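Report on one structure; see the data block that follows.
The values are calculated or read from the model by the stated rules, or taken from the named source; none is laboratory data. Just so it is clear, the model here is predicted, and its values are computed rather than measured. Note: ideal-geometry Cβ built from the backbone for every residue, glycine included; neighbour counts use all protein chains shown. The accessibility values were calculated without ligands, DNA or RNA, using every heavy atom of the protein model including side chains. Shrake-Rupley method; radii C 1.70, N 1.55, O 1.52, S 1.80 Å.
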Amino acid sequence: MRANPVHYLSYVNLQVSAGISHQRSNLIAMIKEAAVNQRTLIAPEFCLAGKHNLGRTIGTQLDEYFDFERVNVDGQPLTVLTQCPEKIGHSLATVNPDESLMGRSERWLIKDLGGISLLRHTLQNLYPGFADLAVRLPTRNSLLAIANQLSSQIPPGAAWVHARRSDRLQETQHATHPEHIHRILQKICPKIKTVYIATDERDADFFSPLRRHYHLLTKANFPSFEALGSTDNYKLFLVEREFAKFFTWRISTFRTCNINYHGFLCGRAGAQ
């Protein structure tokens, strides 16, 4: 009995240069569209902005950050590839981003995303229930292991604080100042003694005033973090986010509805 042929979906002209949270959102939107239409996703190249990575822009299909072999949607596995494994021939078509793919029979559909920055806004208007689909996109085990290996060094009752400072500084400059961080910590968790600051601030001494109140930790206290950040700050961001799970208290830069955070530094809503 001959197996049914695989149908593929890929994207071109994703021109936005952004951080990994933004591009992860785009990848998740692509995964959802592939799942809704029962297609195998061929991941396009994403541009990770240099402003979050010491000026170094990265072109990547994101497979070095996330484990494509363990992706699922609403509990069902979905295949994500970095290239098409076969020659399709003429059964290929390019479509506009705001076109639904339901009922399309071509073996390989390619969406041209020219001009789109955040894909989910377009796709959630095409497919009922799109926003509610649950996607599992795990971070690579090699990155998770770095955080797990250091978890034993975190004492009980410690706080993890994300202080985003490389961009949007007009919104966060006051909120991420050491004095304000101290006020927030005093309000949320006044008895803590140890604080880890996850930050893109380049001045190594900027948060030093917090040492008057806490045992202060940064990536500089962990050689594996420091080495990772010197080559790829996006990988460090994912490792630090995993590291946060081992802290009793977690504070975000921006206001968020994410239940994993216990407070925020800045009243503006935003991604971490």
Specify the residue that is nearest to H7 (Cα to Cα); the eligible residues are those in segment 41-58 that are over 15 Å from the mean Cα position of the chain (by Cα) and open to solvent by 20 Å² or more (accessible area, probe 1.4 Å). E45
Among the residues in segment 233-248, are any open to solvent by 20 Å² or more (accessible area, probe 1.4 Å) and more than 25 Å from G157 (Cβ to Cβ)? yes
Here the qualifying pairs (Cβ atoms under 6 Å; residues six or more apart or on different chains; first in segment 129-145 and more than 19 Å from N26 (Cβ to Cβ); second in a loop (DSSP other than H, G, I, E, B)) come out as none
Identify all residues within segment 122-139 that are open to solvent by 40 Å² or more (accessible area, probe 1.4 Å) and under 17 Å from the mean Cα position of the chain (by Cα); write none if there are none. A134, R136
Out of all the residues in segment 30-46, which are out of contact with any Ser or Thr (no Cβ under 8 Å at 6 or more places or on another chain) and outside any loop (DSSP other than H, G, I, E, B)? M30, I31, K32, E33, A35, V36
N26 vs. criteria more than 30 Å from G229 (Cβ to Cβ), open to solvent by less than 70 Å² (accessible area, probe 1.4 Å) and either outside the structural domain of L228 (by the TED database) or free of Cβ contacts under 8 Å to residues at least 12 places away in the same chain (or both): no
The residue from S117, S151 that alone is polar (S, T, N, Q) and closer than 22 Å to V36 by Cβ is S117
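Being of a type in the set (A, V, I, L, M), part of a loop (DSSP other than H, G, I, E, B), surrounded by 15 or more Cβ atoms within 10 Å (Cβ to Cβ) and in contact (Cβ under 8 Å) with a residue 40 or more places away in the chain narrows it down to one residue among I192, I251; which is it? Steps first, please.
On the way: I251 fails: part of a loop (DSSP other than H, G, I, E, B).
After applying the criteria, what remains is I192.
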For segment 104-121, which positions are in contact with a Ser or Thr (Cβ under 9 Å, 6 or more places away or on another chain), surrounded by fewer than 18 Cβ atoms within 10 Å (Cβ to Cβ) and farther than 17 Å from I42 by Cβ? S105, L118, R120
Does segment 86-94 contain any residue that is closer than 20 Å to N26 by Cβ, open to solvent by 30 Å² or more (accessible area, probe 1.4 Å) and in the same structural domain as S21 (by the TED database)? yes
Filter segment 43-74 down to the residues that are among the basic types (K, R) and within 18 Å of L228 (Cα to Cα), then identify the one that is modelled with the highest pLDDT. R56
Test for V6: is it open to solvent by 10 Å² or more (accessible area, probe 1.4 Å), of a type in the set (V, I, T) and within 30 Å of E201 (Cβ to Cβ): no
Please list, ordered by first then second residue, the pairs with beta carbon atoms under 6 Å, 6 or more apart or interchain, first in segment 72-93 and among the β-branched types (V, I, T), second surrounded by 13 or more Cβ atoms within 10 Å (Cβ to Cβ) and assigned to a loop (DSSP other than H, G, I, E, B). V73/L133; V80/A43; V80/V71; T82/A43; T82/Q61; T82/D63; I88/R107
Surrounded by fewer than 20 Cβ atoms within 10 Å (Cβ to Cβ), closer than 20 Å to Y127 by Cα, of a type in the set (S, T, N, Q) and in the same structural domain as G103 (by the TED database), is that true of Q83? no
